[in-house]
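Shown next, in structure tokens, is the structure this report addresses.
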Amino acid sequence: MHRTRVRIVEDALDANNTIAQANRADFDRAGVTVVNFMSAPGAGKTALLERVAGDLPGVRLGVLEGDVQGSLDADRLAARHVPVTQLNTDPGFGGECHLDANMVRSALPDVPLAEIDLLVVENVGNLVCPAEFRIGEDVRVMVSSVTEGEDKPLKYPLMFRTCDLVLVNKVDLLPHLDYDISKFLHHLDSVHPGVERMMVSARTGEGVDAWRDWLLRIAARERVPA
Amino acid sequence: MHELSLTSAIVKTVERHAAGRRVAVVNVRVGRMRQVVPETLAFSFDIVARDTVCEGARLELEIVEARLRCRACEHVWTIELREFRCPACSGAEVEVASGNELEVESIEVEEDACIAPG
């Protein structure tokens, strides 16, 4: 018995990224734009989707709903006549706290890719793990609600650095909070200078037009044939 | 607890390279941007390694400093995860020079084969 040193030099996330590329190729072939939609639990992802569901002219929306357990969010969206595919992470290692490329791949046979133009993948509520795992998305959108505090970009730089759009939700609550939005934006610009951001309220509808137009724009951009 | 997700990825990578041989040591380079707590990673590793070729293996971590490079003036500096703007020219177009690593650098495996005499 003796010991041998085996040199590997491989990113531990390479396997995930390879599957993510396969997902991306499938999405591209079907002409579907994919949004990886992330936030902490309770930031308002589902509510912001409810706001735009059925109001995206010329773009057929589908949702892949990632949850540790249950289908409460999926039920809310199905009520808006959006094709929703439920993906529960519970059978994994004690309920995974994020979606990875392989979980998304396993759900693909149930996603009606031929009947949609835009697929929003609602990730598991968590600001850490989802940022680490690419799933084959075209763009990453995150929701940060004002009840979470101004310091979040500094605490979760990977999440804030890897997203293409930040939706600052629940701005209708600002008069009732000590939250200083200029402080938040300063921190956001420290970790991701110039990232696109929108002030929204899923409750009052403030900013929802801009959010809907953004989705329409990226769906059109990604659909241009290569 | 993203350490659990990351150790699963590490163990899967090692399994592919160990080819069934028992692993004694796993050398991993982790960048500071990964925000990994070393003790938690070691703890998660022991759990995830159970019933795999990594069971009982020692996880050796090398922490890689997070460094940024300014695209405008090429200045490179080490950061404490607070400031992603160039301190030299205030440029916002920066790239991560190091610190994103989650690299399985090497492993030490136990071989049954006899060493040829002489």
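Here are the numbers for this structure:
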| item | result |
| --- | --- |
| Hey, A:D73 surrounded by fewer than 21 Cβ atoms within 10 Å (Cβ to Cβ) and either among the charged types (D, E, K, R) or touching a residue at least 12 places away in the same chain (Cβ under 8 Å) (or both) or not | no |
| Test result for B:G20, of a type in the set (G, A, S), within 10 Å of another protein chain (Cβ to nearest Cβ), in contact (Cβ under 8 Å) with a residue 12 or more places away in the chain and not in a strand (DSSP E or B) | no |
| A:A226 being modelled with pLDDT under 95 and not in a helix (DSSP H, G or I) | yes |
| Considering residues of the range A:156-184 that are under 22 Å from A:R217 (Cβ atoms) and away from chain B (no Cβ under 14 Å) only, the residue surrounded by the fewest Cβ atoms within 10 Å (Cβ to Cβ) | A:D164 |
| Within the range A:159-192, tally of residues that are part of a helix (DSSP H, G or I) and touching an Asp or Glu at 6+ places or on another chain (Cβ under 7 Å) | 6 |
| Output for the range A:115-124, where each listed residue is crowded, with 24+ Cβ neighbours inside 10 Å and in a loop (DSSP other than H, G, I, E, B) | A:N123 |
| Only one of A:A22, A:A43 that is of a type outside the set (K, R), buried (at least 17 other Cβ atoms within 10 Å of the Cβ) and out of contact with any Pro (no Cβ under 7 Å at 6 or more places or on another chain) | A:A43 |
| B:C54 within 13 Å of another protein chain (Cβ to nearest Cβ) and under 18 Å from the mean Cα position of the chain (by Cα) | yes |
| Test: residue in the range A:77-98 that is on the phi > 0 side of the Ramachandran plot and within 12 Å of another protein chain (Cβ to nearest Cβ) | yes |
| Where B:I107 falls short, out of the listed (1) touching a strand residue (DSSP E or B) at 6+ places or on another chain (Cβ under 7 Å); (2) more than 10 Å from every other protein chain (Cβ to nearest Cβ) | (2) |
| Residues within the range A:1-57 that are of a type in the set (A, V, I, L, M, F, W, C), within 14 Å of another protein chain (Cβ to nearest Cβ), free of Cβ contacts under 8 Å to residues at least 40 places away in the same chain and not in a helix (DSSP H, G or I), tallied | 5 |
| Yes/no for B:E83 being away from every other protein chain (no Cβ under 12 Å) and either in a loop (DSSP other than H, G, I, E, B) or modelled with pLDDT of 90 or more (or both) | no |
| Criterion violated by B:R34 - all others in (1) more than 9 Å from every other protein chain (Cβ to nearest Cβ); (2) crowded, with 19+ Cβ neighbours inside 10 Å; (3) in contact (Cβ under 8 Å) with a residue 60 or more places away in the chain satisfied | (1) |
| Condition check for B:A9: at pLDDT below 95 and either of a type in the set (A, V, I, L, M) or in a loop (DSSP other than H, G, I, E, B) (or both) | yes |
| Subset of the range A:125-155 (residues that are surrounded by 21 or more Cβ atoms within 10 Å (Cβ to Cβ), β-branched (V, I, T) and touching a helix residue (DSSP H, G or I) at 6+ places or on another chain (Cβ under 7 Å)) | A:I135, A:V143, A:V146 |
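Listed here are the residues, each with its yes/no results for (1) modelled with pLDDT of 90 or more; (2) within 13 Å of the chain's Cα centre (by Cα).
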{"position": "A:E96", "(1), (2)": "no, no"}
{"position": "A:L99", "(1), (2)": "yes, yes"}
{"position": "A:M103", "(1), (2)": "yes, no"}
{"position": "A:L108", "(1), (2)": "yes, no"}
{"position": "A:D117", "(1), (2)": "yes, no"}
{"position": "A:E122", "(1), (2)": "yes, yes"}
{"position": "A:N126", "(1), (2)": "yes, yes"}
{"position": "A:C129", "(1), (2)": "no, yes"}
{"position": "A:V139", "(1), (2)": "yes, yes"}
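The values are calculated or read from the model by the stated rules, or taken from the named source; none is laboratory data. Computed from a prediction, not measured in an experiment: that's the story for all the values here. Cβ atoms come from the backbone with ideal geometry, glycine included; neighbour counts cover every protein chain shown.
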